[in-house]
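Structure first, then comments.
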Amino acid sequence: MPLHSLGYLRLETTDLDSWKIFAEDFLGLMPVSQNENELRYRIDRYPARLTVTHGSENKMSAMGFEVYNSHDLEDLLSKVEAAGIKVSVGTESEAADRKVTGFAGFDDPAGNRVELFYGPILDHRPVVLPEVTGGFVTGDMGMGHVIVTGENGQALFDFYNGVLGFVERNTMRGQGGGTTWFLGCNPRHHTLGIASAPG
């Protein structure tokens, strides 16, 4: 499977101060760089897994999934384009900002921003996580998981499963009867959740 993990999340917030407290004091993430407009955090040898920038609304600006190499990136992007979705290749300065060798982005059928990247520029300085005994479980399984929403959950499932190649692990029915799908791309139970809801 070309996709192998959730590499990073990029968020926007109207309240950067609250995110600083949440990320550092509650989650125990290691700050990498901070200024009045942006916070970046590490949890392992990878570059910042979480970037939070000041914005006009609270939202996810991108979720980055790692692929093994440029060939796998090109192969997946051709499938995305064949599905009728416009792809934009990241510039050198954008790749440098993310500390990756190369990446490209697109919006999924519900408008959630997806970035596929390869070649993370690893940070070999030790991670200091005084609040997290034993560290986070990452490695080949990546950052963890993310849940996205869309009014047409079935269309999202078809895209992530049929185009990007995520494997369905199980589903859950909500009280209102809506389905939540859990999909994986590595030994972690799931890397992606999809819920039918306004996103």
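No lab work stands behind these numbers, since they all come straight from the coordinates. This structure is a prediction, so every number in the text was calculated from the model and none was measured. Quick reminder, even Gly has a Cβ in these numbers, built from the backbone with ideal geometry, and neighbours come from all protein chains shown.
Details
- Kirkwood Rh in Å, taken over the range 62-105 so that all alpha-carbon pairs contribute: 11.0 Å
- Estimated FRET transfer efficiency (HIS124, PHE26; beta-carbon r; R0 22 Å; 0.05): 0.20
- Take the Cα of VAL132, go 7 Å toward its beta carbon, and the backbone nitrogen atoms of the range 36-50 under 15 Å from that spot belong to 40-50.
- Spin-label model, MET172 to GLU38: label points 7 Å out along the Cα-to-beta-carbon direction sit 3.4 nm apart.
- The 3J(HN,Hα) values that the Karplus relation (6.51, -1.76, 1.60; θ = phi - 60°) gives for the range 47-55 are, in residue order, x, 3, 7, 10, 10, 10, 10, 6, x Hz. Gly and Pro appear as x.
- Evaluated at q = 0.08, 0.13, 0.15 Å⁻¹, the base-10 log of the normalised Debye intensity for the chain, with identical point scatterers placed on the Cα atoms, takes the values -0.26, -0.72, -0.98.
- When the Cα positions of TYR46, ASN35, LEU73 are compared along the charge dipole of the range 4-91, LEU73 comes out farthest toward the positive end, with charges on each C-beta of Lys, Arg, Asp and Glu.
- Approximate shape of the range 143-199 as ellipsoid semi-axes (Cα gyration tensor, √5λ), whole Å, largest first: 18, 12, 10
- Hz values of 3J(HN,Hα) by residue in the range 114-125 - Karplus curve (6.51, -1.76, 1.60), Gly and Pro given as x: 10, 10, 10, 9, 9, x, x, 8, 5, 9, 8, 5
- The chain: most fluctuating residue of THR133, THR149, THR171 per GNM, C-alpha cutoff 10 Å: THR133
- Integer Hz, Karplus 6.51/-1.76/1.60 couplings in order for the range 185-192, x for Gly and Pro: 9, 7, x, 4, 3, 8, 10, 9
- Among beta bridges identified by DSSP and lying wholly in the chain, the antiparallel ones come to about 70 percent.
- Cα gyration tensor shape for the range 97-154, rounded if a/c is under 1.5, else prolate or oblate: oblate
- Rounded if a/c under 1.5, otherwise prolate or oblate - the range 1-64, Cα gyration tensor axes: oblate
- Tensor-based shape of the range 80-187 (alpha-carbon gyration tensor, a/c under 1.5 rounded, otherwise prolate or oblate): oblate
- Helix 70-82 vs. the chain, principal-axis angle (Cα, 0 to 90°, nearest 10): 40 degrees
- All Cα-Cα distances of the range 20-114, cut into 5 Å bins from zero to the largest, leave 3, 11, 19, 22, 19, 13, 9, 4, 1 percent in each bin in turn.
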